[in-house]
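Q: Structure in C-alpha cells, see below.
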Amino acid sequence: MHAAPRVPTRAVLLLLFGAVPTTAHAQFDQPPPPAAYALRHVTFVRADGSRETGITIVVRGSSIERIAQDSTVPVDAEVLEGDSLMVYPGIVDAAGGADLDMPESEIDREELEPWDPPRDIQGFTPHRRAVDFLGASGSDLEKDRQQGIVAGAVHPDGPVMPGRGAVLLYRKSAETPMELVLAPELGPVFSLRGARGAYPGTLFAVMAFIRQSFENARHDGAVRAAHARDARGISPPHWDPDYEVLRSAMRGDVPVYFVANASEDIRMVLRLAAEYEFRPIILGGAEAWRVADLLRERGVSVLVSLDFPEPKRWKPEEADTAEGQVELEAAVQREKREMENRYANAGRLEDAGVRFALTSGGGEADIREGVRLAIAHGLSEEQALAAVTTVPAAMLGVPYLSRVEADMPATFTVTTGPLFDEDSEIVYTFVDGELERGKARTPARGEEAPTVDVSGAWTIEIDTGDEVLEGQMTLTQDGADLSGSIEMDIGRLDVRSGTVSGNAIRFTLVIDMGGEVVEADVKGTVEGEEASGSGGGPMGDFTWTATRTETP
C-alpha cells in the first residue's frame, strides 16, 4: 500500500464512487457476500496428515481460485482471520442424520394376516428412495456445518429392507431438499431387524425372508429374460421394482448397506453375501473388530458408528482401580470392558487393514468427540483424518470433495488448532464456496467474550475534521465476528475482519481506490443503542458516532 498525500475523505470517496450509482437501503438487510474470501497465512493439512505453513487460500464463487504460499490477496476479497488457523478437508458423514419423512404403515390387526402381510408392513421396500422423502434444507444443516461437516449420506431406517439412501452436499443456500442432493440413489439398506407384529418378525424368519426374496428376484429375472428371447407362450411379466433392486445388488452394480453390530450378525451377513454375490458394507459395526481378519479377507468395508452408548455404571471420568482404592464391582468391570472395546474398535480395524469410515451413526453423535475417544484407544490420527474425509468421500462416489486445491470446489474446514484436539474449535466451514461461521469462536488471548450484539442498522456520522459525512451502517455479528458495510449517498464502504470483545468493537474499513485498496483501522465502544469511536489510516484520523435504528 502506497502512502498518499492527506486529502479530505469526501474527495477520496468521490474519486472512487462519484461515477458509480448506488442505492441506499431503506431498511435493515443481510449484506451481500463479498466477491471473494481470502485466508492468509494458514496451516494447510492434507487428508494424509502432511501439512504446509504460510498458505493463503482465495475462494471466489464456488471454487478455490488460488492456494499458495504468501499469495497476493485480491482487492475485492474479504480477508478472514488466518494466522494460527488450520485448514482441513471437510468432514464427510457417511451415515448422517438429515431429516427424512419416510412413510410408516398403519397396522390394522383385525384385517392383517400376519403370515402374509403386504410388503410395506414386512419392511420389504428396497425400491424406496430416501431422496423422495427428504425434508431438510440448507438452514436445517447449520449445526452440522458448524461442526465441520460438509457432506453426508442419509440412509432410511427400518426393518429388513427399508429403501435406498442418498448423498447430500450441505449447501447453506439450499432452499429445497433437491438442492442438497449430490447422488439420488445409493445401494439398498438391509437389516436383520424383524417386522413389528407380522412376518418376518424373528431373526430366523428374517434370514429366511431375505433368502427367499433373492430367489424370487432371480426367478423374476429369468422369466423376464425368457420373455425377451421368445414371447411365445409366456405372458408379459409385470415390472417389480423391489426385485429389480435385488438383482442390481446380485450383479454387483450397487453395494448393500447392511446394518449389523454384533460379531455373529456380521458373520451371517458375510455368509449371505457369499451366497448371493452381493457387495456388503457393514453399517454400524460395533463388534467389527472381532471379525476383522474375515472382513479384510473378504474386502468388506465398515461404516463405524461413533454413537457410543452412555455408560450406566462405569464412570470413565474417575480413575481406574489403583493402590488404596476399592476394586470395581464385576458388573462395572464388564461394562468398562465393553465400552473400551467399542472405543478401540476403529484402532483394531486399522491394525488389521480393514477399510472403514467413521460416522455419526445417523446424526446422533458428535463426530470429533467420538474420534477423540477412538484415538485415545489406539486409532492413529492420520487414519482418523482419512476416515472422516477421503475414505467416506470415495465410498460414496464423491472423492473430489476432499481435494482442497486450485479450481476444485471450495469445500473445507478451518479450525483454531488440530482438528481432533479438545480445545480446537471450528471457525469457518466452506461448502461449495459458501461460508458458515463457527457457532461460538473462542476469543483470542487478551480478548473477552462479547457482551453486546451490534447486529442491525445504524445511522453513522464520520468527522474528518474538515467535514462530517453521514451514512447508513449495516452490521452483522456472529459470535465474536463482525462484518457489514456503510452506505453513503456517494458510495459503499465495506466493514471487514471485525471483532467484538466485551462491548468494544474493532474492524477494518475498506475502500477500493481504482484497484488499490486503502484500509482504515476503526475501533469503538457500544453502550446500549449508541456507539462511538475513532479511526485512522492513509486518509488521516477521524472520529465517529452511531445510533442503532433497527435490529434484525
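Q: What shape does the range 40-97 have by the C-alpha gyration tensor, where a ≥ b ≥ c are the square roots of the eigenvalues, rounded means a/c under 1.5, and otherwise prolate means a/b greater than b/c and oblate the rest? List each step's numbers first, then the result.
A: Numbers: a/c = 2.30, a/b = 1.45, b/c = 1.59.
Judged from the Cα gyration tensor, the range 40-97 comes out oblate (a/c at least 1.5, b/c at or above a/b).
Q: Hey, what do the phi angles of the range 83-99 turn into as Karplus ³J(HN,Hα) couplings, whole Hz, using 6.51/-1.76/1.60 and θ = phi - 60°, x for Gly and Pro?
A: So the Karplus estimates, Gly and Pro as x, are 3, 6, 8, 10, 10, 10, x, x, 6, 10, 8, 6, 9, x, x, 4, 5 Hz.
Q: Now for a separate question. Helix 241-250 versus the longest principal axis of the chain: what is the Cα-based angle in degrees, 0 to 90, to the nearest 10?
A: The answer is roughly 90 degrees.
Q: Determine the order of V468, V388 by accessible area, beginning with the largest, at a probe radius of 1.4 Å. Each step should come with its number before you reach the end.
A: Numbers: V468 75, V388 0 Å².
Descending accessible area places them as V468, V388.
Q: Taking trypsin sites (Lys or Arg not before Pro) as exposed when DSSP calls them loop (any state but H, G, I, E, B) and at most 16 other Cβ atoms lie within 10 Å, what is the longest stretch of the chain free of them, the sites themselves excluded? All intermediate terms of the calculation are to be shown ahead of the outcome.
A: Values: sites that count: R6, R109, R196, R232, R251, K312, R313, K439, R445.
Value returned for the longest uninterrupted segment is 314-438.
Q: Hey, with R₀ at 41 Å, roughly what FRET efficiency would D521 and N341 work out to, going by the Cβ-Cβ distance, to 0.05? The partial results should precede the final answer.
A: Values: r = 56 Å, r/R0 = 1.36.
Calculated value: 0.15.
Q: If you don't mind, another one. For the chain, what is the mean residue ellipticity at 222 nm derived from helices alone (per DSSP H run of n ≥ 4: -39500 (n - 2.57); sum divided by total residues; nearest 500 deg cm²/dmol)? Please report the intermediate quantities before stating the final value.
A: On the way: 11 runs with 122 residues, N = 552.
The helix-only estimate for the chain comes to -6500 deg cm²/dmol at 222 nm.
Q: To check you understand DSSP bridge types, tell me what percent of the beta bridges within the chain (both residues inside) are antiparallel, rounded to 5.
A: Details: 95 of 123 bridges.
Beta bridges within the chain, antiparallel portion: roughly 75 percent.
Q: Sticking with this structure for a sec: Among P450, M161, V206, which residue has its Cα furthest toward the positive end of the charge dipole of the chain, with +1 on Lys/Arg Cβ and -1 on Asp/Glu Cβ?
A: Looking along the dipole axis, the top candidate is V206.
Q: Grab the beta carbon distance between E381 and R232, set R0 = 60 Å, and tell me the FRET efficiency rounded to 0.05. The partial results should precede the final answer.
A: Details: r = 66 Å, r/R0 = 1.10.
Result of the calculation: an efficiency of 0.35.
Q: Something else now. Compute the Cα gyration tensor for the range 327-457, then decide on rounded, prolate or oblate, letting a ≥ b ≥ c be the square roots of its eigenvalues: rounded whenever a/c is under 1.5, prolate when a/b is larger than b/c in the other cases, and oblate in all that remain. Don't jump to the answer; show the numbers that get you there.
A: Numbers: a/c = 2.65, a/b = 1.35, b/c = 1.97.
Oblate, since a/c reaches 1.5 and b/c is not below a/b.
Q: Let me ask something else about it. Measuring with a 1.4 Å probe in the full set of protein chains, what accessible area per residue, in whole Å², belongs to the chain?
A: Details: 26020 Å² over 552 residues.
Ligands and nucleic acids excluded, the figure is 47 Å² per residue.
Q: Right, something else. For M408 and D366, what is the calculated FRET efficiency with R₀ set at 30 Å and r taken between the beta-carbons, to the nearest 0.05? Show your work: numbers first, answer last.
A: Values: r = 28 Å, r/R0 = 0.92.
The pair M408/D366 has a calculated efficiency of 0.60.
Q: Only four residue types carry charge here, +1 at the Cβ of Lys and Arg and -1 at the Cβ of Asp and Glu. Report the dipole size of the chain about the Cα centre in Debye, rounded to the nearest 20. Please report the intermediate quantities before stating the final value.
A: Values: 52 positive and 91 negative charges, 459 e Å.
That gives a dipole near 2200 debye.
Q: Let me know the charge dipole size of the range 138-274 about its Cα centre in debye, to the nearest 20, where only the beta-carbon of Lys, Arg (+1) and Asp, Glu (-1) is charged.
A: Values: 16 positive and 16 negative charges, 75 e Å.
Taking the Cα centre of the range 138-274 as origin, the dipole is about 360 debye.
Q: Can you tell me the relative contact order of the range 223-284? Whole percent, Cα pairs under 8 Å, sequence separation 6 or more. Spell out each step's value before the answer.
A: Working: 55 pairs, mean separation 19.8, N = 62.
Once divided by the residue count of the range 223-284, the mean separation gives 32 percent.
Q: Using modelled backbone amide H atoms (1.01 Å from N, in-plane), which distant-in-sequence or interchain residues come within less than 5 Å of I64's amide H?
A: Answer set, sorted by chain and number: D407, M408, A410.
Q: A further question follows. Taking only Cα atoms, what is the 0 to 90° angle, nearest 10, from helix 203-229's long axis to the longest principal axis of the chain?
A: Helix 203-229 sits at roughly 90 degrees to that axis.
Q: Relative to the present Cα-Cα distance, how much length would full extension add between L182 and N261 at 0.36 nm per residue of separation? Display every interim value, and only then the final one.
A: Values: separation 79, 0.36 × 79 = 28.44 nm, distance 2.82 nm.
Additional length available on full extension: 25.6 nm.
Q: Just going by the charge dipole of the chain, with Lys and Arg at +1 and Asp and Glu at -1 on Cβ, which of L349, S263, P236 is farthest out on the positive end?
A: The listed residue farthest towards the positive side: P236.
Q: Identify all lysines with a Cα-Cα distance to K439 below 30 Å; exclude those on the same chain that are fewer than 8 residues away in sequence.
A: In chain and number order, the partners are K143, K172, K315, K523.
Q: Using a 1.4 Å probe, how large is the accessible area of Y400, given in Å² and rounded to the nearest 10?
A: Its heavy atoms expose roughly 80 Å² to the probe.
Q: A further question follows. Computing the accessible area with a 1.4 Å probe over protein heavy atoms, can you report the carbon and sulfur percentage for the range 327-375? Write out the running numbers ahead of the final one.
A: Working: 830 of 2230 Å².
Here it works out to 37 percent.
Q: Cross-link candidates for K312: which lysines have Cα within less than 26 Å, leaving aside residues fewer than 8 places away along the same chain?
A: Straight-line reach from K312, under 26 Å: K336.
Q: For the chain, just say rounded, prolate or oblate: build the C-alpha gyration tensor, square-root its eigenvalues into a ≥ b ≥ c, call rounded for a/c under 1.5, and beyond that prolate if a/b exceeds b/c, oblate if not. Mind showing how you got there, number by number?
A: Numbers: a/c = 2.57, a/b = 1.91, b/c = 1.34.
Note, shape of the chain comes out prolate.
Q: Can you find, among A225, G123, A394, the residue farthest towards the positive end of the dipole of the chain? Put +1 on the C-beta of Lys and Arg, -1 on that of Asp and Glu.
A: Value computed over the given set: A225.
The values are calculated or read from the model by the stated rules, or taken from the named source; none is laboratory data. Here the structure is a predicted model, which means the values were calculated and not measured. In this analysis, Cβ positions are derived from the backbone assuming ideal geometry, glycine residues included, and neighbour counts consider all displayed protein chains. Surface accessibility is based on the protein's heavy atoms, side chains included, excluding ligands, DNA and RNA. Shrake-Rupley method; radii C 1.70, N 1.55, O 1.52, S 1.80 Å.
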